[in-house]
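Working notes for the structure below.
The values are calculated or read from the model by the stated rules, or taken from the named source; none is laboratory data. Model, not experiment: these values are computed from the prediction. Here Cβ is always computed from backbone atoms with ideal geometry, including for glycine, and neighbour counts include all displayed protein chains.
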Amino acid sequence: MKLFSSFSSRRILVGLLSAACFALMVQPVPAADQKPTIPIIVKDTTSFFWQIVLSGARKAGKDLGVTVPELGAQSESDINGQISILENAVSEKPAAIVIAPTQFKALGKPIDEAAKKCKIIGIDSAADSKAFTSFLQTDNVQGGRVAADGLAAAIEAKYGKPEGGVALITSIPGVGSLDQRAKGFKEEIAAKYPGLKLVADKVADGMATTALNIMTDLITANPNLRGVFASNLIMAQGAGQAIAENKVADKIKLVGFDSDNKLVKLLSDGNITALVVQDPYRMGYEGVKTALAASKGEQVPATVDTGVNLITKENMNSARSQELLNPKVK
């Protein structure tokens, strides 16, 4: 009986050890990198404006311990490209996604679908969707009003009164942020400056050369033109070049939107009268920060206004203006 008992005990002991080893084998091995992933999808990875946004998102990733894939098409007009990027990002099962929708209507349904899988944080431009957990953007209607006020002030300084013909140049049709800027500009002109008349409302194709041609045609066709609002960076580049080439900066005042080295040079040279500047670095940083909070189930604000500033040749060297005009892109 003792022999049998000893043998049975050994069998039980071996069985227990085997079970323990198996249990250890099937325990999940901790991943080497437990950081949450939050992709940021911008409109155009080649644009200086969007590089600043990405720089802010990158810094947030470092500060908050988040992996932030930097995604986007090569042009703001590549709407299908951005939709594909969004779908691929969702398939990777991220904690959340930050996106600047390229086009209002086209991105609506893709964002609706994406939001069924993860939290979606919008930045910069709106889309035809109610699925955003939070939206961080410039008040673009207010940006248009600021542009109108800046243009009126420049025309008054030159001609004594804010009166005469003005024009609007928009980059691409159907872009939420641009439509809102145009709305604010037109409303402010109509409400506050009855002497200013909108003589041309031009929509381009997102190319600086098209803006150059539009501005050149406006100069030729409207000898009494006194001011122009170019509602994004690319349009301001082309319009500013046309002002410089035709040597009409003293006669026609140009207000642009956003900034890069070319626009800062045009502003410094006097070919651009003023720039309405956003805070893209904050947009990228706060976008990732908000996305991380939302992914954890924390309450986040539905909307965040990231602000606009009017920068002229007179105030461009102030500390705040330099912070916005020459951000450190790392």
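Take the residues in the range 258-276 that are crowded, with 23+ Cβ neighbours inside 10 Å and of a type in the set (A, V, I, L, M, F, W, C), then tell me which one is nearest to Ala147 (Cα to Cα).
Step by step, filter the range 258-276, then rank; the result is Val276.
Going by what's in this entry, would Tyr281 be described as in contact with a Pro (Cβ under 7 Å, 6 or more places away or on another chain), within 22 Å of Thr45 (Cα to Cα), in contact (Cβ under 8 Å) with a residue 12 or more places away in the chain and of a type in the set (Ser, Thr, Tyr)?
When the stated conditions are applied, Tyr281 passes them.
Given Ser84, Ser91, which one is under 23 Å from Gln51 (Cα atoms) and either modelled with pLDDT of 95 or more or not β-branched (Val, Ile, Thr) (or both)?
Working: Ser91 fails: under 23 Å from Gln51 (Cα atoms).
None of the others qualify; the one that does is Ser84.
Counting just the residues of the range 86-105 that are surrounded by fewer than 24 Cβ atoms within 10 Å (Cβ to Cβ) and touching a residue at least 60 places away in the same chain (Cβ under 8 Å), which one comes out nearest to Thr303 (Cα to Cα)? Show your work before the answer.
Step one: of the range 86-105, the residues surrounded by fewer than 24 Cβ atoms within 10 Å (Cβ to Cβ) are 86-95, 103-105.
Then drop every residue that is not touching a residue at least 60 places away in the same chain (Cβ under 8 Å), which leaves 95, 103-105.
Values: Ala95: 20, Gln103: 19, Phe104: 17, Lys105: 20 Å.
This residue is Phe104.
Check Gly256, Gly238, Gly284, Gly307 and return the single one that is assigned to a loop (DSSP other than H, G, I, E, B) and closer than 25 Å to Gln51 by Cα.
Gly307
Going by what's in this entry, would Gly176 be described as in contact with a Lys or Arg (Cβ under 8 Å, 6 or more places away or on another chain), crowded, with 19+ Cβ neighbours inside 10 Å, outside the structural domain of Leu107 (by TED's automatic domain parsing) and within 29 Å of Pro280 (Cα to Cα)? Full working, then the answer.
Numbers: in contact with a Lys or Arg (Cβ under 8 Å, 6 or more places away or on another chain): no; crowded, with 19+ Cβ neighbours inside 10 Å: yes; outside the structural domain of Leu107 (by TED's automatic domain parsing): yes; within 29 Å of Pro280 (Cα to Cα): yes.
So Gly176 fails the test.
Listed here are the residues, each with its yes/no results for (1) on the phi < 0 side of the Ramachandran plot; (2) surrounded by 23 or more Cβ atoms within 10 Å (Cβ to Cβ); (3) not β-branched (Val, Ile, Thr).
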site	(1), (2), (3)
Lys130	yes, no, yes
Gly143	yes, yes, yes
Ala157	yes, no, yes
Pro162	yes, yes, yes
Gly165	yes, no, yes
Ala191	yes, no, yes
Val199	yes, no, no
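For the range 283-330, which positions are out of contact with any helix residue (DSSP H, G or I) (no Cβ under 7 Å at 6 or more places or on another chain), in the same structural domain as Lys59 (by TED's automatic domain parsing) and of a type in the set (Ser, Thr, Tyr)?
Thr290, Ser295, Thr303
Check Ala249 against each of (1) aliphatic (A, V, I, L, M); (2) without any contact (Cβ under 8 Å) to a residue 12 or more places away in the chain; (3) assigned to a loop (DSSP other than H, G, I, E, B) and name the one condition it does not meet.
Going through (1) aliphatic (A, V, I, L, M); (2) without any contact (Cβ under 8 Å) to a residue 12 or more places away in the chain; (3) assigned to a loop (DSSP other than H, G, I, E, B) one by one, Ala249 breaks only (2).
Restricting to the range 125-149, what's the tally of residues that are at pLDDT below 95 and small (Gly, Ala, Ser)?
The number of residues fulfilling the criteria is 3.
For the list (1) among the β-branched types (Val, Ile, Thr); (2) touching a helix residue (DSSP H, G or I) at 6+ places or on another chain (Cβ under 6 Å); (3) surrounded by fewer than 19 Cβ atoms within 10 Å (Cβ to Cβ), I need the number of the one condition that Val255 fails.
Checking Val255 against (1) among the β-branched types (Val, Ile, Thr); (2) touching a helix residue (DSSP H, G or I) at 6+ places or on another chain (Cβ under 6 Å); (3) surrounded by fewer than 19 Cβ atoms within 10 Å (Cβ to Cβ), the one that fails is (3).
Quick check on this structure: which one of Thr220, Thr210 is assigned to a helix (DSSP H, G or I), of a type in the set (Ser, Thr, Tyr), within 19 Å of Ile252 (Cβ to Cβ) and in contact (Cβ under 8 Å) with a residue 12 or more places away in the chain? Spell out how you get there, then give the answer.
On the way: Thr220 fails: in contact (Cβ under 8 Å) with a residue 12 or more places away in the chain.
Sole residue among the options that is assigned to a helix (DSSP H, G or I), of a type in the set (Ser, Thr, Tyr), within 19 Å of Ile252 (Cβ to Cβ) and in contact (Cβ under 8 Å) with a residue 12 or more places away in the chain: Thr210.
If I go through the range 311-330 residue by residue, how many of them are buried (at least 18 other Cβ atoms within 10 Å of the Cβ) and touching a residue at least 60 places away in the same chain (Cβ under 8 Å)?
3
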